[in-house]
Each structure stands twice: as C-alpha cells, then as structure tokens.
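A.B. asks: This structure is in structure tokens; I'll ask about it shortly.
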Amino acid sequence: MKKMLVAALVLSSIVSCKKTATPADENEHESVNKIVFTYTGGSGGPLSFVMEDPDGDGGNPPSRIDTIKLAAGATYTLNVKTINLVNGVEKDITSTISSQASSHELFFIPTGVTLTITKNDKDRNNYPVGLNSTWVVGTAATGSLRFKVMHKPAGIKGPNDSPTVGHSDIDLNIPIKLQ
C-alpha cells in the first residue's frame, strides 16, 4: 500500500509540474547589429555610411562607425537597412522590421548640427516608422547623431512617442559633419 501511495504521489507531481509553453513574441527577430544609411539627393550619387556593433546593444563598443558627411543646405532621402551580422554572415532584417512596423520606430537625435528629419513611412496605424525619411540639412557644422531602433511591444506605440518608449534594438552615437 505504501508503495502505491508513493507511486501515486510521484505520478501526481510529474503531471502537475508539466511545463507550459509560452507563445513566441510575434515581434521577435534577430538582433540588429549592423546598420547601413543610404542617402540619395544632394549634389551627387548615393552616399552610404555603415555602423557595426557585433555584440549588439551594450557590451563592447561598436567596431565600425562611419562619419556621416552631408552637404550643408541640401535635401536628402535616407533609406535605412538593418542587418543581423553573425560570424561574417549578413542577414538583411529590414523587411522583418517593416512588416512589424507597428512595434518599431527609428529615432534620429542630432546634437550640434541642424537637421530637419521627416519620417516618410507609416505603420498600419499611421504612426511613424523611420526606415525611409527626408533630411533637410542646415548650415555647416560638426556634431553627432544618436540613432535608435526602438522595439515597442503591442499596444505601447503612439503617434508622437519619445525615443525612450520601449526598449532599444540598437542605440548608436554617430559622428556627423555638415560641410
């Protein structure tokens, strides 16, 4: 009888300790650790600038940050490419970020330079995204640009969010020169 009672208790504890699966975050994606800015307009061909942070946000400093150089007084269109870079293999995840636009927003925060930046793309709620934007460049100056890709879980994204809402997929300080 004692053996049957112990067996029943063991069986009961095994059944009651069964792990329940949690659904995957519908907005989960590979980490963003490489960014390519491609500007068109101005007075020449396309301009591309690359930023790489192999271990992602935090940890080691970025391994590459190009200085953005734009013509003072010019107007540009910027397209941002987001990449997951692992062991030298690149996976473009821009389309993933775009398809999950209602949970993402890109921010461009200039310091020491005058830029008017308008985000051209919108998510399904007509809120800004930032993968495509128009930049009106002010006078010649040198400064920095803080660039953030913010992940915003369902329900927290609004039309005029600050760059602190959500958590960052990548956060970089990029030198910028308007010449």
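A.B. asks: Out of everything in the stretch 57-116 that is touching a Pro at 6+ places or on another chain (Cβ under 8 Å) and of a type in the set (Ser, Thr, Tyr), what residue ends up being farthest from Pro159 (Cα to Cα)?
C.D. replies: Top of the filtered list is Ser63.
A.B. asks: Right, another one. Given the conditions (1) surrounded by fewer than 15 Cβ atoms within 10 Å (Cβ to Cβ); (2) aliphatic (A, V, I, L, M); (3) in contact (Cβ under 8 Å) with a residue 24 or more places away in the chain; (4) out of contact with any Ser or Thr (no Cβ under 7 Å at 6 or more places or on another chain), report the number of the one that Val136 does not fulfil.
C.D. replies: Going through (1) surrounded by fewer than 15 Cβ atoms within 10 Å (Cβ to Cβ); (2) aliphatic (A, V, I, L, M); (3) in contact (Cβ under 8 Å) with a residue 24 or more places away in the chain; (4) out of contact with any Ser or Thr (no Cβ under 7 Å at 6 or more places or on another chain) one by one, Val136 breaks only (4).
A.B. asks: Any residue at all in the stretch 76-94 that is without any contact (Cβ under 8 Å) to a residue 40 or more places away in the chain and touching a Lys or Arg at 6+ places or on another chain (Cβ under 8 Å)?
C.D. replies: Among the residues of the stretch 76-94, at least one is without any contact (Cβ under 8 Å) to a residue 40 or more places away in the chain and touching a Lys or Arg at 6+ places or on another chain (Cβ under 8 Å), which makes the answer yes.
A.B. asks: Tell me, which strands (runs of 3 or more DSSP E) lie completely within the stretch 109-179 with 3 or more residues that are under 18 Å from Val36 (Cβ atoms) and in contact with a strand residue (DSSP E or B) (Cβ under 8 Å, 6 or more places away or on another chain)?
C.D. replies: On the way: elements: 115-119, 132-137, 141-151, 167-178.
Fully inside the stretch 109-179 and qualifying: 132-137, 141-151, 167-178.
A.B. asks: Can you go through His151, His167 and tell me which one is within 26 Å of Leu85 (Cβ to Cβ) and in contact with a helix residue (DSSP H, G or I) (Cβ under 9 Å, 6 or more places away or on another chain)? Don't jump to the end; show me each part of the working.
C.D. replies: Details: His167 fails: in contact with a helix residue (DSSP H, G or I) (Cβ under 9 Å, 6 or more places away or on another chain).
The unique qualifying residue is His151.
A.B. asks: Return a yes/no flag: does the stretch 76-89 have any residue that is part of a strand (DSSP E or B), over 14 Å from Ile35 (Cα atoms) and not hydrophobic (A, V, I, L, M, F, W, C).
C.D. replies: yes
A.B. asks: From the list Leu115, Leu131, exactly one residue is of a type outside the set (Phe, Trp, Tyr), in contact with a helix residue (DSSP H, G or I) (Cβ under 7 Å, 6 or more places away or on another chain) and surrounded by 14 or more Cβ atoms within 10 Å (Cβ to Cβ). Which is it? Walk me through how you get there before you give the answer.
C.D. replies: On the way: Leu115 fails: in contact with a helix residue (DSSP H, G or I) (Cβ under 7 Å, 6 or more places away or on another chain).
From the options Leu115, Leu131, the qualifying one is Leu131.
A.B. asks: When the stretch 166-179 is examined, which residues are found to be touching a residue at least 24 places away in the same chain (Cβ under 8 Å) and within 16 Å of the chain's Cα centre (by Cα)?
C.D. replies: Taking the stretch 166-179 first, the residues touching a residue at least 24 places away in the same chain (Cβ under 8 Å) are 166, 168-179.
Of everything in the stretch 166-179, those that are touching a residue at least 24 places away in the same chain (Cβ under 8 Å) and within 16 Å of the chain's Cα centre (by Cα) turn out to be Gly166, Ser168, Asp169, Ile170, Asp171, Leu172, Asn173, Ile174.
A.B. asks: Continuing with the same structure: Kindly evaluate Ile97 against the criterion of being within 10 Å of the chain's Cα centre (by Cα), within 22 Å of Thr40 (Cβ to Cβ) and not in a strand (DSSP E or B).
C.D. replies: Numbers: within 10 Å of the chain's Cα centre (by Cα): yes; within 22 Å of Thr40 (Cβ to Cβ): yes; not in a strand (DSSP E or B): yes.
Considered against the rule, which asks whether it is within 10 Å of the chain's Cα centre (by Cα), within 22 Å of Thr40 (Cβ to Cβ) and not in a strand (DSSP E or B), Ile97 comes out as yes.
A.B. asks: Across the stretch 40-67, which residue is modelled with the lowest pLDDT among those that are closer than 18 Å to Val149 by Cα and assigned to a strand (DSSP E or B)?
C.D. replies: Looking at residues that are closer than 18 Å to Val149 by Cα and assigned to a strand (DSSP E or B), I get Glu52.
The values are calculated or read from the model by the stated rules, or taken from the named source; none is laboratory data. Source: prediction; values computed, not measured. Glycine also receives a Cβ, built like all others from the backbone with ideal geometry; neighbour counts cover every protein chain displayed.
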